[in-house]
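Just so it is clear, none of the values below were taken in a lab; they were calculated from the coordinates. Not measured: the values here are computed from a predicted model. As a convention, Cβ positions derive from the backbone with ideal geometry for all residues, glycine included, and neighbour counts pool all protein chains shown.
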Amino acid sequence: QVQLVESGGGLVQAGGSLRLSCAASRSIFSISAMGWYRQAPGKQRELVAAMTSGGRTNYVDSVKGRFTISRDNAKNTVYLQMNSLKPEDTAVYYCNAHEVAGTGDRYLEVWGQGTLVTVSS
């Protein structure tokens, strides 16, 4: 089973940028979907951005136009470029990988340990 390790979090002022990285322990070429989720204090974990093995992307409305997900199969790494950061983007960001069955159900789902992003006003 693949293991995921996030990096790149930190403290940044509003309007700044960060790039998160998610390094996988094996090839990500054939993984059905990989993505980034976040969880702010007192809130539920939410999807931020996801990308399928075919390159389709999906973003939560609040980050559209500011965040970009990408993957480098040669480096087994998924990135999240975050621009124009806002205080409400403050959260722990988690990398996720999973397979999708024909029924649409997820299986072999794996999470990273998370990386904290703090945006000051």
In nm, spacing of pseudo-spin labels at PHE29 and GLN1 (7 Å Cα→C-beta vector): 2.4
For region 22-28, Karplus couplings with θ = phi - 60° (6.51, -1.76, 1.60), whole Hz, Gly/Pro x: 10, 8, 9, 7, 8, 4, 9
Gained length - LEU116 relative to ASN73, 0.36 nm times residue gap less alpha-carbon distance: 13.0 nm
ALA101-THR52 pseudo-label distance in nm [points 7 Å out on the Cα-to-Cβ vector]: 1.9
Dipole of region 1-113, positive direction: furthest Cα of SER17, CYS95, SER30, with charges on the beta-carbon: SER17
Unit charges on C-beta of K, R, D, E only; dipole of the chain, Debye: 180
